[in-house]
1. Exactly which GluC sites (Glu not before Pro) in the stretch 135-177 are in a DSSP loop and have at most 13 other Cβ atoms within 10 Å?
2. Using a Förster distance of 22 angstrom, determine the FRET efficiency expected from the C-beta separation of Thr170 and Thr148, and round it to 0.05.
3. Give the percent of DSSP beta bridges with both residues in the stretch 35-165 that are antiparallel, rounded to the nearest 5.
4. For the chain, place one equal point scatterer on every Cα, skip the solvent, and apply the Debye formula. What is log10 of I(q)/I(0) at q = 0.07, 0.11 Å⁻¹?
5. Given the Cα-Cα distance of Arg208 and Glu55 and 0.36 nm per residue of separation, how much length would full extension add, in nm?
6. Quick check for you: with a 1.4 Å probe and neighbouring chains kept, what is the accessible area per residue of the chain, in Å²?
7. For the chain, what is the calculated [θ] at 222 nm in deg cm²/dmol (nearest 500), taking -39500 (n - 2.57) for each run of four or more DSSP H residues and dividing by its residue count?
8. How far apart, in nanometres, would the label points at Asn123 and Ile93 be if each is projected 7 angstrom from Cα along the Cα-to-Cβ direction?
Amino acid sequence: MARVTRIVAVANQKGGVGKTTSTVNIAAALALAGHSVLVIDLDPQGNASTALGLEHHEGVPGIYEVLTEGMPLAGIVGESPDIAGLWGAPATIDLAGAEIELVGVEGREYLLREALAAYLAENPVDFVLLDCPPALGLLTINGLVAATEVLLPIQCEYYALEGLSQLLRTIDMVTAHLNPSLGVSAILLTMYDGRTRLASQVADEVRRHFGARVLNTVIPRNVRVSEAPSFSQTVLTYDPSSAGSLAYTDRK
């Protein structure tokens, strides 16, 4: 029986919601559980690449070359030095120019999907996580078109739901015109501070809006989660016993 790969776009156009943090730590948790996982960094900031310990300085081939020059994805993918079975496709600052360069390219929305399909045909994995940038531009559209589902991180802070309607409209548009199989499969509450009434109120509001799609596990505010990327690690290898690490490995 052929392996079925789950391709998950992690998206939210708001910055600072724990999107990249969730991408790399969920990927690490899956790999440590025995799954093969590929993370594709679609954010020109390259923070996911940093957390996975992948080189992504200027001159290193990355997603930019895949999208603009047709380089095979296999030519840029590398394994994380800390976790076996966890692979990554890095992003460099060059990716910031891709949106403009691809404006006139025919089929530009499908570039990542085609590159990923070619890669998976030769290098099957259990999960692909796409770390989309905090914007609703062409890079995010490429991620949504390539994905089979969307994971939506929402921070437990004031205005948490602000702007989500625009993101959901974009997902609906992609589903209607570019990728009929796409849908929001899960919503993850991040930056939860159990000491505040606000966090509890926001969590209740999100659950009222989205119901069963909201995961039971919440990701707490945790300094170890914030520190880990500065050591080019996920929190699961940086401090496996921390509250953040335990939350990302919770299977509830």
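1. Filter output for the stretch 135-177: Glu162.
2. Working: r = 17 Å, r/R0 = 0.75.
That pair, Thr170 with Thr148, gives E of 0.85.
3. 20
4. Once normalised to I(0) and log-transformed, intensities are -0.21, -0.54.
5. 50.9 nm
6. Here the per-residue accessible area is 45 Å².
7. Values: 11 runs with 94 residues, N = 252.
Estimated from H runs of four or more residues: -10500 deg cm²/dmol.
8. 2.6
The values are calculated or read from the model by the stated rules, or taken from the named source; none is laboratory data. Everything numeric in this text was worked out from a predicted model, so none of it was measured. Cβ atoms come from the backbone with ideal geometry, glycine included; neighbour counts cover every protein chain shown. Ligands, DNA and RNA are excluded from the accessible area calculation, which covers all protein heavy atoms including side chains. Shrake-Rupley method; radii C 1.70, N 1.55, O 1.52, S 1.80 Å.
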